[in-house]
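Q: Starting off with a structure, shown below.
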Amino acid sequence: MSHQSLKSGYAQLVDRINLFPQYAPPSSVLNEILKMLFSEREAKLVSLLPIKPFTVEKAAHIWKTDFPDAQRVLDELASRAILLDVDGIYSLPPPMAGFFEFSMMRIRSDVNQKVLAELFYQYLNVEEDFIKALFATGTTQLGRAFVQEPVLSSENALHVLDYERASEIIRTATHIGIGTCYCRHKMSHLGKECKAPMEICMSFNYTAASLTKHGYTRSISAIECLKLLDTAYELNLVQFGENNQRQVNFICNCCGCCCEAMIAARKFGILQPVHTTNFLPQISDDKCNGCGKCVNVCPVEAMTLVSANNPQKPKMKKAKLLEDICLGCGVCVHSCSIGGLSLKSRKERVITPINGTHRIVLMAIERGKLQNLIFDNQALASHRAMAAILGVILRLPPIKQAMASEQMRSKYLVNLINRLGY
């Protein structure tokens with residue numbers, strides 16, 4: 001495995017990470033994070049791996065080594081949740097939702113998690129470039145909010161599709177794993193955590209299978225997971241999950257104080273860093289008494305109190321909704337004990353990509369990264385050259401606009417993905 005380069009292994013790994021639509025802006029703090037998670041040799045090897053899932057044979061060919069050596073390296077990386085592995089197929093997840101989070105999803109002694117938490121906090125909460133790149137770039141985002149199902153009226157329920165229900169994601173998952181919440185675990189090392197449960201981070205399908213195999217999550221039944229979902233509802237946590245209809249790989253149960261997605265939604269709400277549900281809360285002026293419970297529980301500060309303009313009660317307040325930043329999660333409706341809030345359908349329905357492939361391609365188009373998906377072998381100079389040429393072409397305004405058109409984003413890609421069986 002002799003790959004020589006003037007760049008350090010970590011610089012090469014940063015370049016590789018930034019080929020993916022969910023990229024990580026270079027930073028000295030990012031380098032320190034990578035040094036904690038990878039040896040330099042591992043960083044060099046991982047920098048050569050494809051974006052698409054691959055086999056041991058593929059890795060051995062790229063690394064110019066034999067099968068047993070490649071198998072050993074891949075299994076070591078998978079055991080640390082750097083790679084995901086299911087049935088002999090490996091993949092390098094992006095930093096989020098991926099190996100950043102996996103590194104904090106269990107208590108471990110092979111890395112100093114307090115130092116790692118401090119570095120994550122600096123990179124994500126202080127520097128902000130990564131969070132802006134992840135949550136405030138493009139129109140197709142990593143995640144979406146789920147509506148709290150217990151507050152749906154019978155009429156609302158008629159308009160909720162299966163993939164919009166967290167309960168249905170749980171019931172239909174092939175594997176379910178529960179791990180430690182990365183966000184609260186990180187904040188606990190900084191003395192900033194809240195009282196929400198730690199062991200409530202939900203992984204599904206192939207991600208859960210890999211994380212459970214290596215002890216990063218514990219396997220549970222759908223019934224147990226639905227009970228945890230009920231707990232999350234009672235604690236007014238927001239369900240934030242992968243932004244696809246099929247094969248959803250995670251649902252986080254988010255608080256407003258610790259969770260990166262909710263913090264991003266407050267900071268960049270007008271840019272819609274989190275896809276909303278198809279609902280908005282509706283305030284009943286006749287019933288609202290201005291108690292402020294809805295304001296206190298809203299994780300993105302979409303609810304506020306204003307004057308009720310009541311001449312007989314000049315100090316009286318009432319709730320007001322800021323529709324542009326509302327997630328439509330329904331947490332406020334759940335908190336209202338006097339029936340002053342209900343859910344109504346949004347005027348325009350929110351479009352959710354059919355699967356992870358559809359979402360990643362849309363994100364790549366919007367972020368100018370499509371060429372990296374098409375020419376996906378960084379070990380070949382010819383692929384790197386073609387990716388660079390296509391990248392220049394795609395940045396030309398007419399082409400970029402055509403690729404991002406509504407027709408391209410929806411009908412064409414959906415038909416293509418269905419035809420190819422992804």
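The values are calculated or read from the model by the stated rules, or taken from the named source; none is laboratory data. Keep in mind that what you see is a predicted model, and the values were worked out from it rather than measured. For neighbour counting, all protein chains shown are included, and Cβ atoms are generated from backbone atoms with ideal geometry for every residue, glycine included.
Q: In segment 261-295, which residues are small (Gly, Ala, Ser), in contact (Cβ under 8 Å) with a residue 40 or more places away in the chain and surrounded by fewer than 18 Cβ atoms within 10 Å (Cβ to Cβ)? Steps first, answer last, please.
A: Quick first cut of segment 261-295, residues small (Gly, Ala, Ser) only: 261, 264-265, 269, 284, 290, 292.
Among the residues that remain, those that are also in contact (Cβ under 8 Å) with a residue 40 or more places away in the chain are: 261, 264-265, 269, 284.
If the condition is that a residue be small (Gly, Ala, Ser), in contact (Cβ under 8 Å) with a residue 40 or more places away in the chain and surrounded by fewer than 18 Cβ atoms within 10 Å (Cβ to Cβ), then 284 is the only one that fits.
Q: Taking only segment 272-311 into account, find how many residues are part of a loop (DSSP other than H, G, I, E, B) and under 28 Å from residue 136 (Cβ atoms).
A: Adding up the residues that qualify gives 11.
Q: Residue under question is residue 206, and the condition is that it be surrounded by 16 or more Cβ atoms within 10 Å (Cβ to Cβ), in contact with a strand residue (DSSP E or B) (Cβ under 7 Å, 6 or more places away or on another chain), in contact (Cβ under 8 Å) with a residue 40 or more places away in the chain and part of a loop (DSSP other than H, G, I, E, B); does it hold?
A: no
Q: Condition first: of a type in the set (Ser, Thr, Tyr) and under 30 Å from residue 289 (Cα atoms). Now tell me which residues in segment 337-379 satisfy that.
A: 337, 342, 345
Q: Any residue in segment 23-30 that is of a type in the set (Ser, Thr, Tyr) and farther than 24 Å from residue 135 by Cβ?
A: No, the conditions are met nowhere in segment 23-30.
Q: Here's another thing I want to ask about it. Taking the options 306, 300, name whichever one is free of Cβ contacts under 8 Å to residues at least 60 places away in the same chain, under 30 Å from residue 102 (Cα atoms) and either in contact with a Lys or Arg (Cβ under 8 Å, 6 or more places away or on another chain) or not assigned by TED's automatic domain parsing to the domain that holds residue 129 (or both).
A: Result: 300 is the single residue among 306, 300 that is free of Cβ contacts under 8 Å to residues at least 60 places away in the same chain, under 30 Å from residue 102 (Cα atoms) and either in contact with a Lys or Arg (Cβ under 8 Å, 6 or more places away or on another chain) or not assigned by TED's automatic domain parsing to the domain that holds residue 129 (or both).
Q: If you don't mind, another one. So residue 192 clears everything in (1) under 23 Å from residue 257 (Cα atoms); (2) crowded, with 18+ Cβ neighbours inside 10 Å except one condition, right? Which one?
A: (2)
Q: Can you tell me which residue is farthest from residue 123 (Cα to Cα) among those in segment 249-271 that are of a type outside the set (D, E, K, R) and in a helix (DSSP H, G or I)?
A: Per the stated criteria, the residue is 270.
Q: Exactly one condition in (1) out of contact with any helix residue (DSSP H, G or I) (no Cβ under 7 Å at 6 or more places or on another chain); (2) touching a residue at least 12 places away in the same chain (Cβ under 8 Å) is not met by residue 75; state its number.
A: (2)
Q: Among the residues of segment 6-20, count how many are under 19 Å from the mean Cα position of the chain (by Cα) and in a helix (DSSP H, G or I).
A: First, pick out the residues of segment 6-20 that are under 19 Å from the mean Cα position of the chain (by Cα): 17-20.
Retained after the next criterion (residues that are in a helix (DSSP H, G or I)): 17.
Residues flagged as under 19 Å from the mean Cα position of the chain (by Cα) and in a helix (DSSP H, G or I) within segment 6-20 amount to 1.
Q: What helices (runs of 4 or more DSSP H) completely inside segment 312-382 contain at least 3 residues that are touching a residue at least 40 places away in the same chain (Cβ under 8 Å) and either surrounded by 20 or more Cβ atoms within 10 Å (Cβ to Cβ) or in contact with a Gly (Cβ under 6 Å, 6 or more places away or on another chain) (or both)? Don't jump to the end; show me each part of the working.
A: Numbers: elements: 331-335, 356-366, 370-374.
In segment 312-382, 331-335, 356-366 are the helices (runs of 4 or more DSSP H) which contain 3 or more residues that are touching a residue at least 40 places away in the same chain (Cβ under 8 Å) and either surrounded by 20 or more Cβ atoms within 10 Å (Cβ to Cβ) or in contact with a Gly (Cβ under 6 Å, 6 or more places away or on another chain) (or both).
Residue by residue, here is whether (1) touching a Leu at 6+ places or on another chain (Cβ under 7 Å); (2) closer than 23 Å to residue 19 by Cα; (3) of a type in the set (A, V, I, L, M, F, W, C) holds:
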residue: 100; (1), (2), (3): no, yes, yes
residue: 108; (1), (2), (3): no, no, no
residue: 129; (1), (2), (3): no, yes, no
residue: 142; (1), (2), (3): yes, yes, yes
residue: 145; (1), (2), (3): yes, no, yes
